[in-house]
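Reviewing the structure listed below.
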Amino acid sequence: MFQTLRNAWSVPEIRKKLLYTLLIIILFRFGSAVTVPFLDSSAVQTWMDSNATNGNFLEYMNVMTGGALSQATIFSLSITPYINASIIMQLLTYALPPLERWREEGEEGKKKINKITAFVALGLAIFMAFAYYLTLKNSMSAVEYTTGWEMYFSAAVIIACLVAGSQLVVWMGNRISDKGIGNGVSMILFAGIAARFPVDLGRLIQLTMDEPSPYLFITIAYILFIIFEFAFIVFMNESERRIPIQYAKRVVGRKQYGGQKTHIPIKVCMSGVMPIIFAMSFMSLPATIQLFNPVDENSSSFYKGFCEFFSTRGIPYAIIYFILIVAFNYFYVSIQYNPIEIANNLRQSNGGIPGIRPGKPTSDYIQRVLSKITLVGAVFLGIIAIIPIFISMADDQLSSLSMGGTTLLIAVSVALETTRTLESQLMMRHHKGFLQ
């Protein structure tokens, strides 16, 4: 990766794109430090430290925004509304016939879907900003004006700043996609997550300085474990199952066509982090409900048992979380891959799998291979996701660390995707062409 970056830096055109991407990321980080008017950032920070825990929705959003949510900045929502809108639209393209037709139209259809996605993201941003304002107003004394006409004015300013910040982040991501390197949304998400890593490292160092006897060994072991997890994620991201394909020979006049051998690559982790996001959205609901309706002496025994069962530091929570990730992984792969369509395309192009008859036997074979690979990928994602749960169960001081698990998986995926983009651009600029 470092060799690729050095080679890319030597090309003036790519160097401009790298500098442009870096400039946008720096502006994004500056915006993550600008506080929204009429909000007390210290009160928000104190409240978030005590409530954005146990895997609830606030903790998930705070990690995805790089800590901007807990600091009450204009980028508190960050790229989250756009990501949610993209997931919704991606699922709807397989459920609604008009969206499915647009998906098959190519670039023009993609532009139409992206325009609808932008409007959906705007609606979600308004809803999330209003919900965040109500949380700030009702759960803490972070809003300066809570009565009179000043309340309505401050509410309008706070919501407008949060929505505008979210749309500005989306605009920054689009500028990176157009003039920079890699996918802009992924780069913004990576920048927010990576900003949390120095904070986590500082927390580990502080724990070691305060209690050197137990935490010196724990810190070293944790860092070594993160390195091993990083290598494991890279290995699984690059792993794939290759189905061999043989194209039939055919003679047209005096020329022979076909006869090539190739393969269909099936990634082990083809669904990425989507199953974890789906499962996390479901599993964060009990903790979020408990956030707004805490357990007290007047709570019923059923509600107390419900909260204890879905405690993020319990074995039942980890088991259900793991099962949901496996189920959502199968669901996501099923809407991405269509073995029947692949088998039909192979037959139309005079291709086939050696030893497998065309048609239904080919689609059944691809389905069997896909099921096995999907299971391996689902187990991998489940293990990555539940590791932080067991770490928090082992030591309460390490529960707030964001290094590892889902965040590390996102960071590694974006880094690998950006590296592949750089390699492809380097290859295009060093290709001799047909006239040389």
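The values are calculated or read from the model by the stated rules, or taken from the named source; none is laboratory data. All of these numbers come straight from a predicted model, not from anything done at the bench. Positions of Cβ are generated from backbone atoms using ideal geometry, with glycine treated the same way; all protein chains shown enter the neighbour counts.
Values computed for the structure shown
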read-out	value
Test for residue 362: is it under 24 Å from the mean Cα position of the chain (by Cα), buried (at least 19 other Cβ atoms within 10 Å of the Cβ) and not aliphatic (A, V, I, L, M)	no
Those residues of segment 315-330 which are free of Cβ contacts under 8 Å to residues at least 12 places away in the same chain and not aliphatic (A, V, I, L, M), in sequence order	316
Scope segment 274-305; condition more than 29 Å from the chain's Cα centre (by Cα), hydrophobic (A, V, I, L, M, F, W, C) and in a helix (DSSP H, G or I); matching residues	302
When residues of segment 202-235 are limited to those that are at pLDDT below 80 and among the hydroxyl-bearing types (Ser, Thr, Tyr), the one surrounded by the most Cβ atoms within 10 Å (Cβ to Cβ)	215
From the options 322, 306, residue that is modelled with pLDDT under 80, of a type in the set (Phe, Trp, Tyr) and surrounded by 15 or more Cβ atoms within 10 Å (Cβ to Cβ)	306
Qualifying positions in segment 132-158 - modelled with pLDDT under 75, under 13 Å from residue 37 (Cα atoms) and β-branched (Val, Ile, Thr)	143
Flag for residue 242 being more than 24 Å from residue 408 (Cβ to Cβ), at pLDDT 75 or above and not in a helix (DSSP H, G or I)	yes
Residue among 201, 168 that is under 30 Å from residue 125 (Cα atoms) and either assigned by TED's automatic domain parsing to the domain that holds residue 49 or not β-branched (Val, Ile, Thr) (or both)	168
Any hit, segment 7-18, residues being touching a Leu at 6+ places or on another chain (Cβ under 8 Å), among the small types (Gly, Ala, Ser) and not in a loop (DSSP other than H, G, I, E, B)	yes
Residue satisfying all of: in segment 157-199; of a type in the set (S, T, N, Q) and in a helix (DSSP H, G or I); surrounded by the most Cβ atoms within 10 Å (Cβ to Cβ) among these	166
Failed item, numbered, when residue 351 is tested on (1) loosely packed, with under 15 Cβ neighbours inside 10 Å; (2) touching a residue at least 60 places away in the same chain (Cβ under 8 Å); (3) farther than 20 Å from residue 267 by Cβ	(1)
Scope segment 27-66; condition assigned to a loop (DSSP other than H, G, I, E, B) and at pLDDT 75 or above; matching residues	32, 33, 34, 36, 37, 38, 40, 65
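Here is a yes/no grid of residues against (1) under 21 Å from residue 174 (Cβ atoms); (2) in contact with a helix residue (DSSP H, G or I) (Cβ under 8 Å, 6 or more places away or on another chain); (3) among the aromatic types (Phe, Trp, Tyr); (4) in a helix (DSSP H, G or I):
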{"position": "77", "(1), (2), (3), (4)": "yes, yes, no, no"}
{"position": "94", "(1), (2), (3), (4)": "no, yes, yes, no"}
{"position": "119", "(1), (2), (3), (4)": "yes, no, yes, yes"}
{"position": "131", "(1), (2), (3), (4)": "no, no, no, yes"}
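To keep it simple, each residue is scored yes or no on (1) out of contact with any Lys or Arg (no Cβ under 7 Å at 6 or more places or on another chain); (2) more than 23 Å from residue 138 (Cα to Cα); (3) surrounded by fewer than 16 Cβ atoms within 10 Å (Cβ to Cβ); (4) free of Cβ contacts under 8 Å to residues at least 40 places away in the same chain.
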position: 5; (1), (2), (3), (4): yes, yes, yes, no
position: 15; (1), (2), (3), (4): yes, yes, yes, yes
position: 49; (1), (2), (3), (4): yes, no, yes, yes
position: 60; (1), (2), (3), (4): yes, no, no, no
position: 81; (1), (2), (3), (4): yes, no, no, no
position: 96; (1), (2), (3), (4): yes, yes, yes, yes
position: 114; (1), (2), (3), (4): yes, yes, yes, yes
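Conditions (1) aliphatic (A, V, I, L, M); (2) in contact (Cβ under 8 Å) with a residue 40 or more places away in the chain; (3) touching a Gly at 6+ places or on another chain (Cβ under 8 Å), marked per residue:
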site	(1), (2), (3)
279	yes, yes, no
283	yes, yes, yes
287	yes, yes, yes
297	no, no, no
